[in-house]
1. Go through the range B:252-264 residue by residue and turn each phi into a ³J(HN,Hα) via Karplus (6.51, -1.76, 1.60, θ = phi - 60°); whole Hz please, and just put x for glycine and proline.
2. On alpha carbon coordinates alone, what is the Rg over Rh value for the range B:28-165, Rh being the Kirkwood radius?
3. Could you give the semi-axes, largest first, of the ellipsoid that matches the range B:269-368, computed as the square roots of 5 times the alpha carbon gyration tensor eigenvalues and rounded to whole Å?
4. Are any of the pairs B:LYS235/B:LYS405; B:LYS245/B:LYS279; B:LYS100/B:LYS392; B:LYS324/B:LYS345; B:LYS74/B:LYS543; B:LYS100/B:LYS235 more than 24 Å apart by Cα-Cα distance, and if so, which?
5. Using +1 on the beta carbon of Lys and Arg, -1 on that of Asp and Glu, and nothing else charged, what's the dipole of chain B about the Cα centre, debye to 20?
6. Across the Cα atoms of the range B:119-196, what radius of gyration and what greatest pairwise Cα-Cα distance (Dmax) are found, in Å?
7. Hand me the GluC sites (Glu not before Pro) from the range B:277-386 located in a DSSP loop with no more than 13 other Cβ atoms within 10 Å, in residue order please.
8. Given H placed on each backbone N at 1.01 Å, which residues far from A:GLN99 in sequence or on other chains put an amide H within less than 5 Å of it?
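The values are calculated or read from the model by the stated rules, or taken from the named source; none is laboratory data. Given the structure is predicted, the values throughout are model-derived calculations rather than measurements. Cβ placement follows ideal geometry from the backbone for every residue including glycine, while neighbour counts extend to all protein chains displayed. For accessibility, only protein heavy atoms count, side chains too; no ligands or nucleic acids. Shrake-Rupley method; radii C 1.70, N 1.55, O 1.52, S 1.80 Å.
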Amino acid sequence: MRDSGSEDLIVKMSQVIKEYPLGKLKVQALRGIDLNISRGEFTTIAGPSGSGKTTVLNLIGCVDVPSSGDVQIAGQSTTNLSDKELTHLRLMKIGFIFQSFNLVPVLDVFQNVELPLLLQGELGASERAVRVKEIIARVGLSDQLRQRPNELSGGQRQRVAIARALVTNPALVLADEPTANLDSVTGNTIIELMKELNATQKTTFIFSTHDPKVMRQASRVIRLVDGEIVLDNDGIEGVVEATDGRGEVGS
Amino acid sequence: MSQTQSSLRMISLIAMRNIMSNKVKSSIVASIMVFGTMLLVVGTALLDSVESSMQKVVTSSLTGQLQVYSSQGKDELALFGGLTASLPEIGEIEDFSRIKSSLEEVPNVQAVVPMGLTVSTGSSGNDIDEVLRQLRDAASNNDAQTVASLSGQVREIAGSLLEEYADKEKISNDLNRLDKERAALEEVQKDAFWQDFTQNSQERLLFLDTKIAPLANNGRRFFMRILGTDPQAFKQHFDRFEVVKGEMIPPGQRGVLISKRTHERFLKHRVARELDRIKREIELEGRSLEDDELLQARARRLSRQYRRVTFQLDPSEVAQLEPKLRDILGSEASAKDSIKELIQKFLHVDHSNFDARYDFFYAQVAPMIELYRVNVGDVVPLQSFTRRGYVKAVNVKIWGTFQFKGIEDSDLAGVVNISDLLTFRELYGKMTRAQRAELEALRDSIGVEDISRDSAEDDLFGGSDEIAIVEQDSQESFDEFQDVEVMAREDRIKQVENLTYSQQELEQGLALNAAVILEDPDDIQRTRALINQKIQQDDLKLKVVDWKEAAGLVGQLIVVIQIVLYVAIFIIFLVALVIINNSMVMATTERMAEVGTMRAIGAQRGFILVLFMLETLVLGLGAGFTGALLGVGIIEILGVWGIPAANEIVRFIFAGPRLYPHVSLSNVLIAAGVIFVVSLLSTLYPALIATRIQPVVAMRGRD
């Protein structure tokens, strides 16, 4: 299923190496990663701190570029894109959900969700309003339309962030530890919301986490250790048990 | 609504809300900008108002909008005075009529008025001549009583002359001569000199005529700056000019109009002049005899001048004045006081009696004394050192006095007296080109610094506050009157009145500079360029300057004020720039995550740039608007109240005792422009930093 036709591949990473300078040394965060993710997947990237999962998300999210190898998003290689082109790619194809929500503090719920649509500049004001209200209703915040982020609870803020990520109908939504700043009950509802949206909208979700409960919700778990994929599993069984093992890549 | 508009609206919204959410920072930045803009509006409006009031005064009194003079001149034209008291050497215009006809062809030129400035010394009759005449009459009539009373007057004069000798010894190098002169004055003071006066009257009168009168004579000379011009054209084109006393110099007639200022301050009786000065300082400068020590000192010195009054009084006048003086002095006068003591006590003015005594002086004393040394209608000999170096003397008729409206009080405006161009030419002593070349070669070869005699005193002993006319105490060993024909007054008047000239004579000849009067007085720089073209084209060998340059130091004053203002404003905005820059850089680091998020979800760098710039711009425009409004308000209020002029120079600059400033749209636009640029500049760097924030920072947790 992961080897299905390339037109269905939303992410294709081949031989991706990422190095960071550390003083005079270079530290390899990723040591040659091959990874394919298809449309509609609900994938989690797991691994201990420093394993490279955030680096993988950054590369998929086009906020960073690989030192070598190639990353393709929806069939387009990001290797030779300019900052401007990368930004455009993010705007059109990718939605982001951040660990600390990252809402614009001076804007209310509606305006925060509207922002990506404004940046895209494709819809008129009335169409925008319809779309924004619709997605806010989907995350259950219709009553908080005119509230500012600091008037909302953490869970509500993350719902706003989810609405913001989804409002443009992106091909891919990236979530970096979306439940890390939430209590477990709230975290669960957020994951369930994401899962529901994945099911109904067919939006591809890729999120990182080190919470086993969250991991269990994923249809696919990719486990990273020391910049290499040590496990790539459709099922959830055995994943938690195998956290210390070193499974074969892609098999 | 278009997308750009929506985005801009969103950006403005974010900007506005960011401003509001950082109230302390925003209000500090805003108040600096409000202050800066206010200062800019007030400053430029004041400067413009001063410039336009000064332009009105300067252009409509002496300079016209433009001035032309020879391009060969060594110095620059300074009609209202330059750095030194000496006249600048601005070269010569040999044939004014050629300049006139050529320049009057230039568009926007209404008229060209010839001018030439020179310095001359004038002299008037003296106190002692009149006394000696009466003494001679009395002696020939054997009228011992009158002789006795007149002898008192002569002794007074000799006494006051003697007092000056202490000062003269300090500056004179001819002590031998001073000793002789003092001996003569002391001789007259002795009783022995007056005993049996009628028997030896011929011998004694000869002594007085030859030894004493010349000494008194030297105190009766004065300097005058004479501006030769075409008097009719001058009157027509300089509308601030008005005749105060007497009449305008009639067409074709020679003569001089003395500035009222010169007449009042330098040709008036010393005591009257001092009284005027005290009154002026009380009224115009708000000082008071009650507590102002400088003014009190001035009043004390006044009472020492009593002799200047007493020696002009003859016995019958004394008899008339004495009871009146006792009356006004009341208990201050004692029974045995002579007229001397009475006058001395009378001149002892203080806060309580000044106004009464001032009025009494003009009502009772002034008619008995010679209030002015030169009066309207007089013909006086003026002498000058010509450019060729010899003394030239001309008899001129004083037709009247004049002033420039609005700046009557100003020393600067009163420095020149006006004559016809022909009188000027005589005083100036026209030099041929060859003679001048010879003189200059000579001067260069001996390397002598060119100090005109008129300014030598100032140059050597420091400036005097009497700019135009300085009482001259120098004692030349040669006879300065050698060129002056001694004539009876009536003959002099007749001779002067017979000297007429035609307009052609006036115009076809020497002038030093010329005022160019424009039809549209605001179109100065363009016309200046046209005139320059014409000068090239007709090979006129002239240079053309605007009124500011032509005025001399005062014209430069406005440039200096301009520089000071701009430097102050520059510093304020520099401070604003640094503060805004710093606070925005800090804001940028505080908002890394926000910016990173925006970048991650697809905002281009340009969006971030506009976002940051707009924030300061909104703040700047808000502050700018408030500041401009405040500035306009201040100027409007000042425009109603008026700004009082603190001293004479300021009165001149303000064209009157108060400046009523006005604000124009350009003042506000300049301020808006400056605040706009400052806002942009101050945020450019932090905004550029913000655009460099990588979207990846949004991915990092905030814990």
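1. In residue order, the calculated couplings are x, 9, 8, x, 10, 10, 8, 5, 4, 4, 4, 4, 6 Hz.
2. Answer for the range B:28-165: 1.33.
3. 23, 14, 11
4. Over 24 Å apart, Cα to Cα: B:LYS100/B:LYS392.
5. With only Lys, Arg, Asp and Glu charged at Cβ, the dipole is about 3160 debye.
6. Taking only Cα atoms of the range B:119-196, I get Rg and Dmax of 15.1, 47 Å.
7. Values: sites: B:GLU281, B:GLU283, B:GLU285, B:GLU290, B:GLU293, B:GLU317, B:GLU332, B:GLU341, B:GLU370; in loops: B:GLU285, B:GLU290, B:GLU370.
Those satisfying the criteria are B:GLU290.
8. Residues meeting the amide H criterion: A:ASP176.
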